[in-house]
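What follows is calculated from the coordinates using simple rules that are stated; it is not laboratory data. Here the structure is a predicted model, which means the values were calculated and not measured. Here the Cβ is made from the backbone with ideal geometry for all residues, glycine too, and neighbour counts use every protein chain on show.
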């Protein structure tokens, strides 16, 4: 079996936290579908004293009660791969990176 690397282009901004602007750390997806670092969204809600009625910093959708935050393991794996390739927060809007995935192909 030969091993071949397949790549896909991804927009690094998809994996950056809109609050800290860095690659997601312990990424969480809130009910509206937006993604944040777990500590960033917790701090945002605590700063705004949003204990009962919370809102998304991007779309302003409100949630009551405050949603439980669970790590998005798929995003965490992808972000870890980005970190391993040396990618950090985007320096150019829309910067494209090449993400390699290995797959075995039989002859």
Segment 13-46: number of residues that are without any contact (Cβ under 8 Å) to a residue 60 or more places away in the chain and assigned to a strand (DSSP E or B): 6
Pick from segment 47-80 the residues that are in contact with a strand residue (DSSP E or B) (Cβ under 6 Å, 6 or more places away or on another chain) and part of a loop (DSSP other than H, G, I, E, B): which of them is nearest to residue 22 (Cα to Cα)? 72
Within segment 31-46, how many residues turn out to be surrounded by 14 or more Cβ atoms within 10 Å (Cβ to Cβ) and in contact with a strand residue (DSSP E or B) (Cβ under 7 Å, 6 or more places away or on another chain)? 6
